[in-house]
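Have a look at the structure below, then the notes.
The values are calculated or read from the model by the stated rules, or taken from the named source; none is laboratory data. Just so it is clear, the structure is predicted and the values come from calculations on it, not from any experiment. Here the Cβ positions follow ideal geometry from the backbone for every residue, glycine too, while neighbour counts run over all protein chains shown.
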């Protein structure tokens, strides 16, 4: 029998890889490369194997080497794009996927991957277009069905979202994204038994990643809470959060990371000796909307966005250059105090360039509100860049605020990691408020505090006071903030809540869990008293 040709060997190797026999496939691929080091299909095969091991640097080298030999190889271009996406080089990833589709316009996998990239980058118009093309090409492409359903649900197009998610479940009854989307739709119609029915199997499935199981657990907890089973709800919240706490603990060991408790302590220590600026030649300053997570900043965002003279930036990294140059360390904050005007002007230009990029083609309004709840972290930087900038602080009963943070599944960073446990969340609240009150007492900024409960109970007076603080006139469109929220791309955990009428059920909700909270909230006692909430 004649020996297999190089092409036949690689075809067999790809079959083995598709069957999960990675080691046998790799042996063949590397054997071919020993004879033909630039063979593009062999480089593609071994690169995919390294990518499966999450060795993205090695995979990238293999794919790039293959593309030197075969620059129009669609599969190599597609895989090179996926590696760049995993390495967070999003522009390069997009370029590779587009090149693959130029070579082969109907290349299914490149189209799916480009849609996923656009979805991750919140370029939803492009993602939806590509998912629809994929579904037209292959009506049973389950990830396209489920992912498109997710986007449509977030845009409140519930009928089509539900239809697509059900089509995905008909193909794979355990598909996580489809089940989660249907659960979100069920929750919107108060079908909380259905939420638990949809997501309970996810909690028991070994094929579901820990992060996804935690999200499903938190959704089940919210449903149990709505059904009045607070004991079950607390148990589910705690289990989901403990899973995430253990998962992310190694990544959170560096105490000096941005938004970490150690960084907030450093800022707090710097305040008494910090030389706050009070004059600046800058003719325009944004308004900064800050507050502890879950304090009502998203509600204020939608209300303010309803005013014709206001544009709100929703949690964008506009101050990234300032943080990079002057980190929240003793040395970094000392250098910030000594920053010369030339450097500060450069950082201001960087800030406004970021704002312009985020606004896109939108016409800037007289008032730009930069909403980032934990920009309490940035108050010293803001003072140097924009002395006298107006600061709006969202307040809520500290116990509701902290417990609501404990209930919600955030994207994990050093700040949201603290919310996974009630004791660390309460201590973190104290640190954040120490910074806000410390800066307030310097009278370096005009600050206006807005109480969430007052917005709920006395909307017009509370919002009018805020509008006057911003130097604006009242507009009746402010009453129609729900319409604004439905028209905007709201991606915070409060997205589905701010399109609802104002409700009081979230006020004092922590009391349902008092017997299981125990002593965790003791650090909040002084803040409850300071802000004037009932003990």
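Matching residues to (1) surrounded by fewer than 21 Cβ atoms within 10 Å (Cβ to Cβ); (2) in contact with a strand residue (DSSP E or B) (Cβ under 8 Å, 6 or more places away or on another chain); (3) closer than 21 Å to residue 412 by Cα:
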position	(1), (2), (3)
140	yes, no, no
144	no, no, no
206	yes, no, no
209	yes, no, yes
220	no, no, yes
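Residues of the range 300-314 that are surrounded by fewer than 18 Cβ atoms within 10 Å (Cβ to Cβ) and touching a strand residue (DSSP E or B) at 6+ places or on another chain (Cβ under 9 Å): 309 alone. When you look at residue 389, is it assigned by TED's automatic domain parsing to the domain that holds residue 451, in contact (Cβ under 8 Å) with a residue 60 or more places away in the chain, under 15 Å from residue 294 (Cβ atoms) and touching a helix residue (DSSP H, G or I) at 6+ places or on another chain (Cβ under 8 Å), yes or no? No; evaluated as a whole, the condition is false for this residue. Restricting the first member to the range 185-208 and to residues that are at positive phi, and the second to residues that are surrounded by fewer than 21 Cβ atoms within 10 Å (Cβ to Cβ) and in a helix (DSSP H, G or I), the beta-carbon pairs closer than 8 Å and six or more apart or on different chains are 190/226. Residues that are crowded, with 23+ Cβ neighbours inside 10 Å and under 20 Å from residue 244 (Cβ atoms) within the range 410-434 comprise 415, 417, 418, 419, 420, 422, 425, 426, 428, 429, listed in sequence order.
Residues checked against (1) closer than 21 Å to residue 235 by Cβ; (2) in a loop (DSSP other than H, G, I, E, B); (3) modelled with pLDDT under 95:
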position: 412; (1), (2), (3): no, yes, yes
position: 423; (1), (2), (3): yes, no, no
position: 429; (1), (2), (3): no, no, no
position: 433; (1), (2), (3): no, no, no
position: 436; (1), (2), (3): no, no, no
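Could you please let me know if residue 394 is at pLDDT below 95 and either touching a helix residue (DSSP H, G or I) at 6+ places or on another chain (Cβ under 6 Å) or part of a loop (DSSP other than H, G, I, E, B) (or both)? So residue 394 fails the test.
Residue-wise test of (1) in a loop (DSSP other than H, G, I, E, B); (2) over 20 Å from residue 509 (Cα atoms); (3) in contact (Cβ under 8 Å) with a residue 40 or more places away in the chain.
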site	(1), (2), (3)
213	no, yes, no
218	no, no, yes
221	no, no, yes
225	no, no, yes
228	yes, no, no
237	no, no, yes
242	no, yes, yes
268	no, yes, yes
271	no, yes, yes
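In the range 250-257, the count of residues that are touching a helix residue (DSSP H, G or I) at 6+ places or on another chain (Cβ under 7 Å), without any contact (Cβ under 8 Å) to a residue 12 or more places away in the chain and not in a helix (DSSP H, G or I) is one or more.
Restricting the range 351-383 to residues that are in contact with a helix residue (DSSP H, G or I) (Cβ under 6 Å, 6 or more places away or on another chain) and modelled with pLDDT under 95 leaves a set whose member that is surrounded by the fewest Cβ atoms within 10 Å (Cβ to Cβ) is 373.
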